[in-house]
Amino acid sequence: MEGKTDPEVLADLAMGKLRKKLPELKKALHGRFSTHHRFLLEQILGHLDFLDEAIEKISEEVATRTALLMS
């Protein structure tokens, strides 16, 4: 996020089902995004990054073990 407060930019970070609600999300973010909100969003995004990395590592491990079982 790097200190960005523009509702358009922030809304474009949305993923999944939130992508379908971009107009509502942009409206909700306009004028209501404080430093507290930024902190919370950074925590959530950091956790999502961690989970994405964990999923990738687990997927690689499953693929490696499956390949060993098949050979």
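Computed from the coordinates by the stated procedures, all read-outs in this text should not be read as laboratory data. If you're wondering where the values come from, they're calculated on a predicted model, not measured in any experiment. All Cβ positions, glycine included, derive from the backbone under ideal geometry; neighbour counts span all protein chains shown.
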> What per residue convex hull volume, in Å³, do the alpha-carbon atoms of the chain yield?
Replying inline: 95
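Lysine pairs in the chain 8 or more apart or on different chains: how many have alpha carbons under 18 angstrom apart?
4
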>> For a Förster distance of 25 Å, can you work out the FRET efficiency between the beta-carbons of H47 and A67, rounded to the nearest 0.05?
In response: 0.25
>> Tell me the angle of helix 35-70 to the major Cα principal axis of the chain, expressed in degrees between 0 and 90 and rounded to the nearest ten.
In response: 20
